[in-house]
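**Q** Below are the structure tokens for one structure; questions will follow.
Values quoted throughout were computed directly from the atomic coordinates according to the rules given, and no laboratory measurement underlies them. Computed from a predicted model, the values in this text were never measured in an experiment. Note that we place each Cβ from the backbone using ideal geometry, even for glycine, and neighbour counts take in every protein chain shown.
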Amino acid sequence: MIISATVLTIAMVSQIILSFSLYNKTGLQVLRHIGWIVWAFSVFFGWLPIFTFRSKGKVPKGKSYIRTTVLVDSGIYAIVRHPQFLAGIMFSLTLTLIVQHWLISILGIVAIMILYKDITEADKSGVEKFGDDYIHYMQRVPRMNFLAGIIRLIRYGKRK
């Protein structure tokens, strides 16, 4: 766990720092524009969970927002189970699309692979913490596919 967190941190920080010097001015503009759109989604998926957990997660006073005491399955968590991991993946993809350099792409792939592995660990942890409620939640809400989550929510609404 500590090793993967360390490698993830090194990959993402390196990706950010190197982006300034490796930026490809002659890159494809369309990819750059798509990158900025992906970045906007990453900001949304990265910040909204903080407010959702604080308001609905019954977090003990003075504790981190991630210290929820109840399963939160509304708001952004009715669309995807892991919005902040999705935000990290989108952010790495953003830098790859905007900078358009092979080293940024490789660092992004490393970060994305670690984040995806961390998502599977987070699901295991959710099952350990919340039991069958989390298993049912996993069946209702996609891991990261926010388009499928939005469609499911529109079609069926929130079901318990």
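**Q** Under the 0.36 nm per residue contour assumption, what length would be gained going from the current alpha-carbon distance of ILE106 and ARG67 to full extension?
**A** Residue separation times 0.36 nm, minus the Cα-Cα distance, leaves 10.7 nm.
**Q** If the limit is 24 Å between Cα atoms, which of LYS58/LYS129; LYS58/LYS124; LYS63/LYS117; LYS58/LYS117; LYS56/LYS117; LYS56/LYS124 go over it?
**A** The pairs that break the limit, which is 24 Å between Cα atoms, are LYS63/LYS117; LYS58/LYS117; LYS56/LYS117.
**Q** Give the angle, between 0 and 90 degrees and rounded to the nearest 10, that separates the Cα long axis of helix 146-156 from the longest principal axis of the Cα atoms of the chain.
**A** It is inclined by approximately 30 degrees.
**Q** Percent of alpha carbon pairs in the range 2-156 separated by more than 24 Å?
**A** Tail of the P(r) past 24 Å holds 40 percent of the pairs.
**Q** If one takes the longest principal axis of the Cα atoms in the chain, at what angle in degrees, from 0 to 90 and to the nearest 10, does the Cα axis of helix 2-22 lie?
**A** For helix 2-22, the angle is close to 40 degrees.
**Q** Using the Cα centre of the range 2-156 as the reference point, and only Cβ charges (+1 on K/R, -1 on D/E), how large is the resulting charge dipole? Debye, rounded to the nearest 20.
**A** So the magnitude is around 380 debye.
**Q** At 7 Å along Cα-to-Cβ for each site, give me the label-to-label distance between SER74 and ALA40 in nm.
**A** 2.8 nm
**Q** In degrees, nearest 10, range 0 to 90: what is the angle between the Cα axis of helix 83-99 and the longest Cα principal axis of the chain?
**A** Its long axis makes an angle of about 10 degrees.
**Q** Return an integer: the convex hull volume of the alpha-carbon atoms of the range 33-76, in Å³ per residue.
**A** That works out to 66 Å³ per residue.
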